[in-house]
Amino acid sequence: MESAYVFNQSWERELERLRALENVYDPQSRTRLDLLGLGEGAHCLEVGAGAGSMARWMAERAGPAGHVLAVDIDTRFAVGHGLRQLEVREHDLLGDPLPDAAFDMVHARAVVGHQPGREKEAMERMAAATRPGGWMVVEDFDIAGPMATAAARYYPPEHRQLGERVGRAMEAQFAGLGVDPGIGRRLTGLLAEAGLEEIGADVHSPVIPGGDSFMPLTLQHLRPRLVGTGILNDAEVDEAIALMERPESSYVPVFMVTAWGRKRSG
């Protein structure tokens, strides 16, 4: 997938980071797919398989009578699942074809935002793969503008300024790569442009207890770019990681927008 993907998948701790991300955000993703009726016999598409947790869960929900196609530019973390109804395939969303109107449920998380300038095309390709009457669920982050301030309010009071600088540095490093740090709030409009109906969205982020590894690993991975923004220095990155690793602390990571829409029947 020709994209501005920010994270180096060859980083030695990337699988650990992806699994930690799944632990944080999978519950909301699963809840939404359940509410939209994912069940036995469904044919599903997972775009951006990552470490594979959502693809495996969808395959278990669909059962032997269903089928899940999970695609990614790098599938090393998603293979070896042992599920006959789950197919994992290397695939470029913007370059490789997908079956036309073949899937009851299409899901993508943290994918569209990494296609700067081609977000509309990415959505249209996924919409074309959705069968009439089927659902498309697209999730991405919103870390732009006041969202950094909102997340920082959940840090311990004496660390809220640091939390806000972390958010602002995250926003700046994404923007510096051409990635829209506020892509989440654009998802409903992109779904409408792709011809979907019955559109809705949630904005959510759990309060994470200290010791969860998702944000510490993310900050470690992005450290050079975060420091390069001039908003944080190395010592402040270390301070933020140490805060997030304290068992007695809690905080909110970046906000995720879950948006969904239904393809018109007939």
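Between Ala150 and Arg84, take the C-beta separation as r, use R0 = 45 Å, and let me know the FRET efficiency to the nearest 0.05.
Numbers: r = 44 Å, r/R0 = 0.98.
Efficiency, from the Cβ-Cβ distance: 0.55.
Under 12 Å from the 7 Å Cα→Cβ point of Asn23, by amide nitrogen: which residues of the stretch 131-156?
Once the point is set 7 Å along Cα→Cβ of Asn23, nothing inside the stretch 131-156 turns out to lie under 12 Å by backbone N.
The stretch 150-167 to the stretch 217-238: how many Å between their Cα centroids?
One Cα centre to the other: 15 Å.
Taking +1 at the Cβ of each Lys and Arg and -1 at the Cβ of each Asp and Glu, which of Leu191, Gln115, Thr149 sits farthest along the dipole of the chain towards its positive end, judged by Cα position relative to the Cα centre?
Leu191
Ordering Glu164, Glu236 by how much accessible area each has at a 1.4 Å probe, largest first, what is the list?
Numbers: Glu164 65, Glu236 35 Å².
Solvent-accessible surface, decreasing: Glu164, Glu236.
Using a 1.4 Å probe and counting only protein heavy atoms, arrange Thr31, Thr229 so the residue with the most accessible area comes first.
Values: Thr31 65, Thr229 45 Å².
Reading off the accessible areas and sorting them downward yields Thr31, Thr229.
Please compute the net charge surrounding Ala62, taking Lys and Arg as +1 and Asp and Glu as -1 over other residues with Cβ under 15 Å from its Cβ. Before the final figure, lay out the partial values.
Details: positive: Arg30, Arg56, Arg61, Arg84, Arg131; negative: Asp34, Glu40, Glu46, Glu60, Glu87, Asp104.
My count for the surroundings of Ala62 gives -1.
Please give, to one decimal in nm, the separation of the simple spin-label points placed at Arg76 and Glu198, each 7 Å out from Cα toward the Cβ.
Label-label distance for Arg76 and Glu198, simple model: 4.1 nm.
Over all directions, average the projected area of the Cα convex hull of the stretch 31-150 and note it in nm². Before the final figure, lay out the partial values.
Details: hull surface 32.7 nm².
If I average the Cα hull's projected area over directions, I get 8.2 nm².
What is the Å³ per residue value for the convex hull set by the Cα atoms of the stretch 87-220? Numbers along the way, then the final one.
Working: hull volume 18.9 nm³, N = 134.
Convex hull of Cα atoms, per residue: 141 Å³.
Just to be sure I understand the model, the point goes 7 Å from the Cα along the line to the Cβ. What's the resulting Asp34 to Glu12 distance in nm?
3.9 nm
Magnitude of the Cβ-charge dipole of the stretch 146-185, K/R +1 and D/E -1, about the Cα centre, nearest 20 debye? Could the numbers behind the result be given before it?
Working: 5 positive and 4 negative charges, 17 e Å.
Using only the charged Cβ atoms, the result is roughly 80 debye.
Restricting to DSSP loop positions (anything but H, G, I, E, B) with no more than 11 other Cβ atoms inside 10 Å of their own Cβ, which GluC sites (Glu not before Pro) remain in the stretch 36-103?
Numbers: sites: Glu40, Glu46, Glu60, Glu87, Glu90; in loops: Glu40.
Passing both the DSSP loop test and the Cβ count: Glu40.
So, with +1 on the Cβ of K and R and -1 on the Cβ of D and E, and no other charges, what is the size of the charge dipole of the stretch 109-156 about its Cα centre, to the nearest 20 debye? Numbers along the way, then the final one.
Details: 6 positive and 6 negative charges, 16 e Å.
My answer is approximately 80 debye.
The values are calculated or read from the model by the stated rules, or taken from the named source; none is laboratory data. Note that this is a predicted model, so its numbers are computed, not measured. Because the Cβ atoms are built from the backbone with ideal geometry, glycine has one as well, and the counts that use them run over all protein chains shown. Each accessible area value is taken on the protein alone, full model and side chains, heavy atoms only, with ligands, DNA and RNA left out. Shrake-Rupley method; radii C 1.70, N 1.55, O 1.52, S 1.80 Å.
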